[in-house]
Amino acid sequence: MQDYTAIREEVAKLCAAFPGPYWQAKDKRREYPSEFVAALGEAGYLAALIPEEYGGAGLPLSAAAAILEEIQRQGCNGGAVHAQMYVMGTVLRHGSEEQKARYLPRVATGELRLQAFGVTEPTSGTDTLSLKTTARREGDHYIVNGQKLWTSRAEHSDLMILLARTTPREEAASRTEGLSVFLVDMKEALAAGTLTIRPIDTMMNHATTEVFFDNMRIPAANLIGEEGKGFRYILSGMNAERLLIAAECIGDAKWFIEKASSYARERVLFGRPIGQNQGVQFPIARAYAQMRAAELLVHDGIARYEAGENAGAEANMAKMLAAEASWAAGEACIQTHGGFGFAAEYDIERKFRETRLYQVAPISTNMILSYVAEHVLKMPRSY
């Protein structure tokens, strides 16, 4: 996979303007990093995947992965922007030419933000096929009612990719049909009073929310692809999502490993560097080995995705292993720093909280293992 060295170097320079104290302040006040997001937008990184004819860079998924990995490696938080990368595939692969022409140029310039992804619900959780939000066709509009949970960045997005049921489950041709994908103008819905957003306070500053739809009207022209086929469209986008999240976790792991190994070399106790002790250096070395193994699978998954292959197994396994690697690296980093690892000024505890999320979301480890058992190893479905 191409390394994108020049892009990584430029991203690193941009991130240098947003050091640890910036993120610590945002974390403490639970504020969205608007300045950081604006800088990424002005530099063109948020338009990386948008084709050149719509004003973007027209780069492949591997470039987006390099951008997000480098953001994390520099100690920043790509969670504020990564959705605009991974939801782009749904629009590019399944959106109409009219939809692309209407929205993508303005997303590319930063006039519009496509950061919200409305899928998960309180009652269905990871059982996406059981979601209850409905979209009923009335003339040239759909009327949406329901609720979404863990819809991150909804307060800071202009557009939302929404998955809703258009055919009752019992009437659908198959268990995977009857769901449809829409592109929602959130500002318009908020102004009409048919969309409500409520922030959720969490252990890390992730700008997540729950959203409520009360007879929200969506033009039929904003239906993405064919009605009832939305689940397969979302699945395609989810592979990109998992690979990009995995790349972020690799960046986190590299940040933790660099911090830990540097401190282990410099910190002197009992007359010698603490990194001279095997009890200190071995966990860091093991974390590095875990990270490198996961990184290779991330690269393999991205290569398959870009080749048009079904990268479901690789995307899921890469996300699981990369999340575990970043957590192991975080554990080693905190242990190496001892009490200082818990001090906010060292920034380790913030990154530790942030990287823990990715073992749970966007897909849990148990769901990944179930997928591998059923679809790769051909064992009976366990749920």
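Where a number appears in this text, it was derived from the coordinates with a stated rule and is not lab data. No experiment lies behind these values; they were computed from the predicted model shown. FYI the Cβ positions are ideal-geometry reconstructions off the backbone, even for glycines, and counts take in every protein chain you see.
Thinking of the chain as a set of Cα atoms, what percent of all their pairs are more than 40 Å apart? For the chain, the share of Cα pairs beyond 40 Å comes to 15 percent.
Label separation (T123 vs A25): 4.5 nm, computed from points 7 Å beyond Cα along the C-beta direction.
Note on the stretch 249-293: Rg/Rh from C-alpha atoms, Kirkwood Rh, equals 1.03. Here is the tail figure for the stretch 232-376: Cα pairs spaced more than 26 Å apart come to 31 percent of all pairs. Working note: Karplus 6.51/-1.76/1.60 with θ = phi - 60° gives the stretch 63-74 the couplings 5, 4, 5, 5, 4, 5, 4, 5, 4, 5, 5, 8 Hz, where Gly and Pro are set to x. Under 18 Å from a label point set 7 Å out along the Cα-to-Cβ vector of N310, the amide N atoms of the stretch 344-376 belong to 368-376. Go through the stretch 213-305 and name the trypsin sites (Lys or Arg not before Pro) that are in a DSSP coil and have 16 or fewer other Cβ atoms within 10 Å of their Cβ. For trypsin sites (Lys or Arg not before Pro) across the stretch 213-305 that sit outside H, G, I, E and B with at most 16 neighbouring Cβ atoms in 10 Å, the list reads R267.
When each of the peptides 12-24, 315-327 is scored by how many other beta carbons lie within 10 Å of its residues on average, the order from highest to lowest is 315-327, 12-24.
Computed from the C-beta positions of A221 and R265, the FRET efficiency with R₀ = 41 Å rounds to 0.10.
Centroid-to-centroid, using Cα positions, the stretch 64-142 and the stretch 185-222 are 13 Å apart. Where a Cα-Cα gap under 22 Å defines reach, which lysines qualify for K229, not counting those fewer than 8 residues away within the same chain? Answer for K229, where 22 Å is the Cα cut-off: K100, K132, K148, listed by chain and number.
Here the relative contact order of the chain, from alpha carbon pairs under 8 Å that lie six or more residues apart, stands at 15 percent. Here r is the Cβ-Cβ distance between V360 and E331 and R0 is 25 Å; the resulting FRET efficiency, rounded to 0.05, is 0.90.
Amide H to amide H, with H built 1.01 Å from N, R153 comes under 5 Å of T208, T209, counting only residues 5 or more places away or on other chains.
Across all C-alpha atoms in the stretch 183-314, the radius of gyration and Dmax reach 22.9, 72 Å. Remark: the stretch 115-126, residue by residue, has Karplus-estimated 3J(HN,Hα) of 10, 9, 10, x, 10, 5, 10, x, 8, 8, x, 7 Hz, where x stands for each Gly or Pro and the curve is 6.51 cos²θ - 1.76 cosθ + 1.60 at θ = phi - 60°.
Full extension of the segment from R353 to D3, taken as 0.36 nm per residue of separation minus the current Cα-Cα distance, would add 123.2 nm. When DSSP beta bridges are restricted to pairs lying wholly in the chain, around 85% turn out antiparallel. Full extension of the chain segment joining T167 with E97 gains 22.7 nm, where the gain is 0.36 nm per residue of separation less the Cα-Cα distance. Between the residues H82, I161, G55, the greatest Cα displacement towards the positive end of the dipole of the chain, with unit charges on the Cβ of Lys, Arg, Asp and Glu, is found for H82. In this structure, the amide hydrogen of Q147, modeled 1.01 Å from its nitrogen in the peptide plane, lies closer than 5 angstrom to those of T133, F213, counting only residues at least 5 positions away or on a different chain. Between F282 and R381, the distance separating the two model label sites (each 7 Å from Cα on the Cα→Cβ line) works out to 4.4 nm. Segment E52..E35, full-extension length gain: 3.6 nm, with 0.36 nm per residue of separation and the alpha-carbon distance subtracted. Of the GluC sites (Glu not before Pro) found in the stretch 88-148, the ones in coil according to DSSP and having at most 12 other Cβ atoms within 10 Å of their Cβ are E111. If you take the beta carbon distance between A303 and S174 as r and set R0 to 30 Å, what does 1/(1 + (r/R0)^6) give as a FRET efficiency, to the nearest 0.05? That gives a FRET efficiency of 0.45. Mean projected area of the convex hull spanned by the Cα atoms of the stretch 326-381, taken over all viewing directions: 4.6 nm².
Our analysis of the stretch 114-228 gives Rg over Rh at 0.96, with the two radii drawn from alpha carbon positions and Rh computed by the Kirkwood formula. Taking the Cβ of A43 as the centre, find all other residues whose Cβ is under 11 Å away and add up their charges (Lys, Arg: +1; Asp, Glu: -1). Net local charge, A43 excluded: -1.
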